[in-house]
1. What residue, among those in segment 216-236 that are in a loop (DSSP other than H, G, I, E, B) and in contact (Cβ under 8 Å) with a residue 24 or more places away in the chain, is surrounded by the most Cβ atoms within 10 Å (Cβ to Cβ)?
2. Residues of segment 239-249 being part of a strand (DSSP E or B) and closer than 13 Å to ALA202 by Cβ, which ones?
3. In the list LEU57, LEU8, which residue meets the criterion of being touching a residue at least 12 places away in the same chain (Cβ under 8 Å), touching a Cys at 6+ places or on another chain (Cβ under 7 Å), surrounded by 15 or more Cβ atoms within 10 Å (Cβ to Cβ) and assigned to a loop (DSSP other than H, G, I, E, B)?
4. Would segment 70-80 turn up any residue that is charged (D, E, K, R) and either in contact with a Pro (Cβ under 8 Å, 6 or more places away or on another chain) or part of a helix (DSSP H, G or I) (or both)?
5. Just checking, does segment 262-283 include any residue being touching a strand residue (DSSP E or B) at 6+ places or on another chain (Cβ under 6 Å), among the aromatic types (Phe, Trp, Tyr) and either surrounded by 11 or more Cβ atoms within 10 Å (Cβ to Cβ) or in the same structural domain as MET207 (by TED's automatic domain parsing) (or both)?
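The values are calculated or read from the model by the stated rules, or taken from the named source; none is laboratory data. Model, not experiment: these values are computed from the prediction. In this analysis, Cβ positions are derived from the backbone assuming ideal geometry, glycine residues included, and neighbour counts consider all displayed protein chains.
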Amino acid sequence: MPRPERPLEQDGSVTCEFAQALRQLRREAGSPPYRLLAARAHYSASTLAAAAGGRQLPSLQVTRAFAAACGADPGVWEQRWRDTRALLDTAAATTTAGASERVPTMRPPGTPAGDTRPPTGVPRYVPPESPRLSLRSIRVALAVAVAASLAGVVVLYASVFGAVLPSPGDAPRPAAGAERISGPVRPGPAASGNGDLRVSSADGRLMVLATSDDIQLWDTHDVAVPPRCAARITPGFPPAALRLDGGGAILTAVPPYRAGQRFGQHERRWDVTDPAHPRELHSTLPAV
């Protein structure tokens, strides 16, 4: 079922009246669909619908084709189109003339009314020149900005990680399991020697440091205070890789690869939602 036509804006214009007349002609012809009229008039359905839309006056050729497709006399509608076109041209000329009369002409005092020569002695407006930046000044500004950014990154990294993490031998290690460290960590060098692994959660609340002997859980959620070693875990093997899953809630320690070992086999997992109390999770992979 074809959708109904959009109502015309009754603004009293001759264009709207012409579109209303075209719609009335289509209704008198039995309101055929625009697709059927398009097949008769050899114009697209959208062109014929726009002719009766009232937004603008259609062309003379479209008007004659529309009238012929509805069974009307194209000559009659051609004369009607020319009358409407003449009214629109007259209204446009009147509007243009009225606008030109309202714009005053700036001329020096004492100039005769019929003098059409351009006025003399009127200073010409010269726009101010915009300041130009030399290529050297642009390079200097870019170099200063890059240096300041790098300095800020270095200072932030050193203040958070470089001077507050102790070495692995600064604190006692338990024989097995996990132990909570309640006291603050003494300042020392960063524990990132040869063979050490480090991984951090995406939200920055936890950093995991693994050596050949144990795994340390560092509470780094508050950058205003030094990080604390919340717990140590003894995995039973030197981890080959560390992984934080579940938004930093699950810690996985991957053992060194052995011949015939399947993916995920012998991995150990802990729930580190509370870094001070890690809880080991048993793997669901069948033992081989």
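1. Per the criteria, the residue is THR220.
2. ARG243, LEU244, ASP245
3. Numbers: LEU57 fails: touching a Cys at 6+ places or on another chain (Cβ under 7 Å).
Matching residue, one of LEU57, LEU8: LEU8.
4. Yes.
5. Pass one, segment 262-283, residues touching a strand residue (DSSP E or B) at 6+ places or on another chain (Cβ under 6 Å): 267-272, 275-276, 278-281.
Next, from what is left, pick out any that are among the aromatic types (Phe, Trp, Tyr): 270.
Then drop every residue that is not either surrounded by 11 or more Cβ atoms within 10 Å (Cβ to Cβ) or in the same structural domain as MET207 (by TED's automatic domain parsing) (or both), which leaves 270.
Yes: one or more hits.
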